[in-house]
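What follows is calculated from the coordinates using simple rules that are stated; it is not laboratory data. All values derive from a computational prediction rather than experimental measurement. Don't worry about glycine lacking a Cβ; one is built from the backbone with ideal geometry, like all the others, and counts go over all protein chains shown.
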Amino acid sequence: MRWYASIGAVLVAGVLTASDVTGVAAPDPRHRPAMQAADKAAGKVDVELILAVDVSYSMDMDELAVQREGYAQALVSREFLQALKALPSGKVAVTYFEWAASNDQKIIIPWRVIDGPETADAVAAEIMNAPIRRASRTSISGAIYFAMPLFETSPYPGLRRVIDISGDGANNNGAPVTPARDEAISKGIVINGLPIMVKDPSYSTMDIENLDWYYEDCVIGGPGSFVVAIKDRDKFKEAIRSKLLQEVAGRTTERPLVPVAEKEPRVPCLIGEKMWQDRWGR
């Protein structure tokens, strides 16, 4: 794509922190008022979609690069734009934020309407141009609690509200994940998951086996909620595109919807907290 410049070349120089990437170009603030004015005129949308992206230290730099590129490429893909056309309004509203610990969330893209190639191109460019950062701990609950009020601030009423959470580990910080999930479901919000499982669990003491089961039983919820697990690094971008297509199209999965209270988790929902306690004693 004409906007696209891979950040892979930047990453080979070594591990980057927020201070290391201050030279990466950010969106020109002079253009933001015009973009927001155009967005406000866009009206109602079919889907309000929050992309909540894990940037904890358990994510290696290659994963961070491919994850970001995957979302940017998915938004400008032919398949995504075709799915957009099939919607009644032909519009979705998207916001993109990065998360780590329970008090560490950063909005990268505030609410933006995507209604065709130009707006998709602009959002993808903003994603790619944002400075790269990493942070400590993993709080999926914190990401959910941060995401819920964002729907109330959205100027674009949607028929569906969806939180798309990607991550490579279990909740180990902040509140337990299941109450956060249940609160979101009670508000009519759907949570979908993108568990990243491209490393062997022995790589880190905080990695767990069957992260996809953990996401299915402890993280996602709501009508038609689903998980797309990434187990092959080469399929990373394809999985992200597939997930966004399902979310925009509003397709339900074949996985039976079982009331949360009646399910027995295959992976303990407090496994991340227990592992952290066992290792660090706090």
Rounded if a/c is under 1.5, else prolate if a/b beats b/c, else oblate: with a ≥ b ≥ c from the C-alpha gyration tensor eigenvalues square-rooted, which is segment 121-193? oblate
Arrange Arg266, Arg133, Arg181 by Cβ neighbour counts within 10 Å, fewest through most, would you? Arg266, Arg133, Arg181
For the pair Lys274 and Glu79, the simple spin-label estimate (label points 7 Å beyond Cα toward Cβ) gives in nm 3.7 nm
All lysines inside 23 Å of Lys91 as judged from Cα atoms, apart from same-chain residues fewer than 8 positions distant: Lys40, Lys44, Lys187, Lys237, Lys243
How much length would be gained if the chain were fully extended between Glu264 and Ser136, taking 0.36 nm per residue of separation minus their Cα-Cα distance, in nm to one decimal? 43.1 nm
Sorted by packing (mean other beta-carbon atoms within 10 Å per residue), highest first, where do 107-119, 269-281 land? 107-119, 269-281
